[in-house]
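> Starting off with a structure, shown below.
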Amino acid sequence: MKTTTLSADRIGRTGKEQLRWVLRVIETPWLDLTDGDRLNVRSELLLFSRTATPAPVRALHGPWEAYVLEVFRQAVDATVRHVPYEGWPRPHARETVATVWNEATRRIVKQTNHPSEIDTNAIWHLQELITSHGHLLKACQAPSKKRAGRKAKDAVQVVDGGLCGKWFVADKESGLYCSSACASRTLTRKKRKNRAEKAAKIRRRGAAKARK
């Protein structure tokens, strides 16, 4: 019960919290996870699927987790880019036994005697979250970090037009940056650009006066 409660705390209880958990869980491919991390992800996916009936152990050791994480990754990518995503599982007849109260998640969940549908339930849950909160899924618009190290004085100045691009869940629809650091970097770059433009204007005026 304690492990289940901890997993519920990790995946979150609100739509925003659960979408943030989705972004965290898809950062590392399934094959790159340690055995311990896989067990954690597996238990979290089971909770996220809202499938009340536990699956047999044999159903938990297979490629379904990797499949679910890949669908999550593709769906989030399409949502952030505002393009259609057609990889959702097709609805089919399910043997749903009942809807029951789950003490760990403190939500009404579907109780099914089809353990193989845990993967589908998890994906459909993400579809519900994207439908309700997908407008808050974004790619950070802050300028990317500059490369570390000093530049030579005579080096050609290269304008870096790249963006941070990290996926994040904004607190509100107008949010553009994944962190306070990215927001600060954007403000700093804008101030520097404004100062440089003002200095250039002053130089041009001075040069124009000198020619008169």
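The values are calculated or read from the model by the stated rules, or taken from the named source; none is laboratory data. Treat the numbers as computed from the prediction; the structure is a model and nothing was measured. Every residue, glycine among them, receives a Cβ derived from its backbone with ideal geometry; neighbour counts consider all protein chains shown.
> Take T4 and tell me if it is at pLDDT below 90 and part of a helix (DSSP H, G or I).
yes
> Further, regarding this structure: With modelled with pLDDT under 85, within 30 Å of K172 (Cβ to Cβ) and in a loop (DSSP other than H, G, I, E, B) as the only criterion, which of A93, A104, A55 stands out?
A104
> Could I ask something else about it? Show the residue pairs that are 6+ apart or on different chains and have beta-carbon atoms under 6 Å apart, the first residue being within segment 174-202 and in contact (Cβ under 8 Å) with a residue 60 or more places away in the chain, the second being surrounded by 10 or more Cβ atoms within 10 Å (Cβ to Cβ) and of a type in the set (S, T, N, Q).
Pairs that qualify, where the first residue is in contact (Cβ under 8 Å) with a residue 60 or more places away in the chain and the partner is surrounded by 10 or more Cβ atoms within 10 Å (Cβ to Cβ) and of a type in the set (S, T, N, Q): there are none.
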